[in-house]
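Please read the structure below before turning to the comments.
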Amino acid sequence: MNAGILGLGKYLPERVLTNADLEEIVDTSDEWIRTRTGIEERRIAGDEISTSYMATEAAKEAIHNAGLTAEDIDMILVATVTPDYGFPSVASMVQHNLGARQVPAMDVSAACAGFIYATVTAKQFIESGTAKHVLVIGVEKLSKITDYTDRNTCVLFGDAAGAAVIGPVSDNKGVLSFELGTDGSGLKHLFQDEDFIYMNGREVFKFAVRQMGESSLNVIEAANLEKEDVDYFIPHQANLRIMESARQRLGVPFEKMAYTVNKYGNTSSSTIPIALYEALEEGKVKEDDVIVMVGFGGGLSWGALTLRWGK
Ligand code: ACO
């Protein structure tokens, strides 16, 4: 039995923070932000919109799109570094909000690689027969740990949620291969210091460029595929220059790469499910397409997988 995606959902706060807005807050320019990152605007959740609220909204849509109800969910995994509380987990709040059964629910902390980590975890439970339908959510309210006086970081981040119901699919579909990894020696380059995100942009940039390309090639090989077999590439949406370098290593044309960082900025664990959701909506991913997803972030951690679309 293989595990694949049965339905997707997303939630984006309505409030838009543009580069022009940021020019009013810190010493930056639209031109600098666009050329260095590819970001034009991002969404910001106000005080009234919590991480668990965004997660719940995305989850409801994913469950609906999977043709299921909350009753059908056997496990809830929430990838986040911005939970509402230290405890309980966002996952337990989602379980309650959805009116789901009293199933296992926990958060996964792997920063921007979190959605891949949680999806791979879901796959283990499904393939072992322990669970049938696992709700996986990537959600972040990064605005609450972003220092809006620090121009090095505040231009990069946004708030959003993406969700997927993972469940059994036919043998040749679903997740074909994966790779997860962590190098804790690099934690000093990207972490939450007291209240806010600290980032050594240049070091993270170097790590990301190397790891995104390498992990993508590793999972393609592990699935017995060639680079030419890749129909759609979904890199974590952190910075267009990093994404471009990974895309070029894979030899995938630009139009076959997800590109949402311009609209939403870096929303950490939620970028990959949101990008897949929008690719499907726009008809860029079809039945039987081979998709490569790759994320990297604080840890330093990374995760990649190949997936053949369809049930
Ligand atoms: N506006 C104007 N100037 C700025 C800004 C800004 N918003 N931010 C930095 N600068 C300045 C710097 O102060 C520096 O000035 P100096 O030379 O006088 O000191 C200059 O611009 C160049 O800075 P660099 O760091 O060399 O710029 P770079 O081209 O590396 O781009 C960036 C910076 C965009 C942050 C890049 O390094 C990057 O994208 N790094 C990776 C970030 C990333 O992917 N993070 C993922 C986090 S994932 C997670 O786990 C949450």
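The values are calculated or read from the model by the stated rules, or taken from the named source; none is laboratory data. In this text the structure is predicted, and so the values were computed from the model without any measurement. No Cβ is skipped: glycine too gets one built from the backbone with ideal geometry, and neighbour counts run over all protein chains shown. All accessible areas refer to the heavy atoms of the entire protein, side chains included, with ligands and DNA or RNA removed. Shrake-Rupley method; radii C 1.70, N 1.55, O 1.52, S 1.80 Å.
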Do you know which residues across the stretch 188-198 are open to solvent by less than 70 Å² (accessible area, probe 1.4 Å) and not hydrophobic (A, V, I, L, M, F, W, C)? H189
So I220, is it touching a helix residue (DSSP H, G or I) at 6+ places or on another chain (Cβ under 7 Å) and not in a helix (DSSP H, G or I): no
Selection within the stretch 105-151 - touching a helix residue (DSSP H, G or I) at 6+ places or on another chain (Cβ under 6 Å), within 12 Å of the ligand (Cβ to nearest atom) and either farther than 15 Å from S268 by Cα or β-branched (V, I, T) (or both): T146, Y148
Scanning the stretch 74-95 residue by residue, the ones that are open to solvent by less than 50 Å² (accessible area, probe 1.4 Å) and out of contact with any helix residue (DSSP H, G or I) (no Cβ under 7 Å at 6 or more places or on another chain) total 5
Looking for whichever is modelled with pLDDT of 95 or more and surrounded by fewer than 20 Cβ atoms within 10 Å (Cβ to Cβ) here; the options are G310, G265, G303. Which one fits? G310
Qualifying positions in the stretch 144-187 - of a type outside the set (A, V, I, L, M, F, W, C) and open to solvent by less than 20 Å² (accessible area, probe 1.4 Å): T146, T153, G158, D159, G162, G167, G174, S177, G181, G186
Where residues in the stretch 120-143 are among the charged types (D, E, K, R) and buried (at least 24 other Cβ atoms within 10 Å of the Cβ), which of them is nearest to A58 (Cα to Cα)? E140
Determine, yes or no, whether F233 is within 29 Å of N200 (Cα to Cα), modelled with pLDDT of 95 or more and open to solvent by 20 Å² or more (accessible area, probe 1.4 Å). no
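Inside the stretch 173-217, can you point out the residues that are part of a strand (DSSP E or B) and either within 13 Å of the ligand (Cβ to nearest atom) or acidic (D, E) (or both)? Walk me through how you get there before you give the answer.
If we filter the stretch 173-217 for residues that are part of a strand (DSSP E or B), which is where we start, we get 174-182, 190-193, 196-199.
E179, T182, L190, F191, Q192, D193, F196, I197, Y198, M199, listed by residue number.
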